[in-house]
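See structure below.
Values quoted throughout were computed directly from the atomic coordinates according to the rules given, and no laboratory measurement underlies them. The shown structure was predicted, so the numbers you read here are calculated from the model rather than taken from an experiment. Because the Cβ atoms are built from the backbone with ideal geometry, glycine has one as well, and the counts that use them run over all protein chains shown.
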Ligand SMILES: Nc1nc2c(ncn2[C@@H]2O[C@H](COP(=O)(O)OP(=O)(O)OP(=O)(O)O)[C@@H](O)[C@H]2O)c(=O)[nH]1
Ligand SMILES: [Mg+2]
């Protein structure tokens, strides 16, 4: 399978961040249907090769996709988002250098899955099993997916609905950036890769320096 991003896309990131870890694992979480598998497929297949949404079926246990980005090799792990499978999520946590939490931007009705997504994400940041989420520097991003659908709310509105401000407080001031994406158009995916490389690098260097100072 080809790659949706050429190494030229990542040259600037490589030059700016020469110390970034070259191989790292990203755990991608989201409620069922948020679009995790579609985003992973879009990372592999560019829109000019496949303009329509990549075909998917519900993830049964875990999807794994490896993406080369410049000199980086990023392993994406996506455990199933189905309710009965979410108790398996913690098995992947020790492997994570970063977390992506995917939300479906189209589910904004009251008592919708956006409320459930908020509850789930806040739960991750308070559970002892995911203590890394509560670490202010540990890379955690929210991807607001399906922005190609007409009428999806702004990032600001999604941030309010997900109480990102409250989440930042839970993480002792650690930022939780929101990035808009579409698995249909591929919008936002380059920013996601650049942000992952930058934040993982920052965290890796900070942790390394802290160890030296101990
Ligand atoms: N319009 C639009 N539809 C999307 C997008 N991403 C995913 N979808 C659709 O949303 C549905 C669910 O997508 P999946 O990628 O299977 O979702 P998932 O998060 O992997 O779901 P599970 O494997 O069941 O946990 C499919 O019908 C996709 O075609 C997007 O960016 N835009
Ligand atoms: Mg899936």
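Restricting the calculation to Cα atoms, the stretch 19-213 shows an Rg/Rh of 0.94 when the hydrodynamic-style radius is the Kirkwood one. For the stretch 16-129, treating each Cα as an identical point scatterer without solvent, what Debye log10 I(q)/I(0) comes out at q = 0.17, 0.20, 0.22 1/Å? The calculated log intensity ratios at q = 0.17, 0.20, 0.22 Å⁻¹ are -0.91, -1.16, -1.30.
If R0 is taken as 30 Å, the Cβ-Cβ distance between residue 87 and residue 22 corresponds to a FRET efficiency of 0.40. On the basis of the beta-carbon distance and an R0 of 35 Å, residue 47 and residue 156 show a calculated FRET efficiency of 0.85.
Compute the distance from the alpha-carbon center of the stretch 41-56 to that of the stretch 125-189, in whole Å. The stretch 41-56 and the stretch 125-189 have Cα centres spaced 23 Å from each other. With bins 10 Å wide beginning at 0, the percent of Cα pairs of the stretch 122-214 falling in each bin runs 16, 38, 34, 10, 2, 0. Over the stretch 19-213, what is the percentage of antiparallel beta bridges among all DSSP beta bridges, to the nearest 5? Percentage antiparallel, nearest 5: 30.
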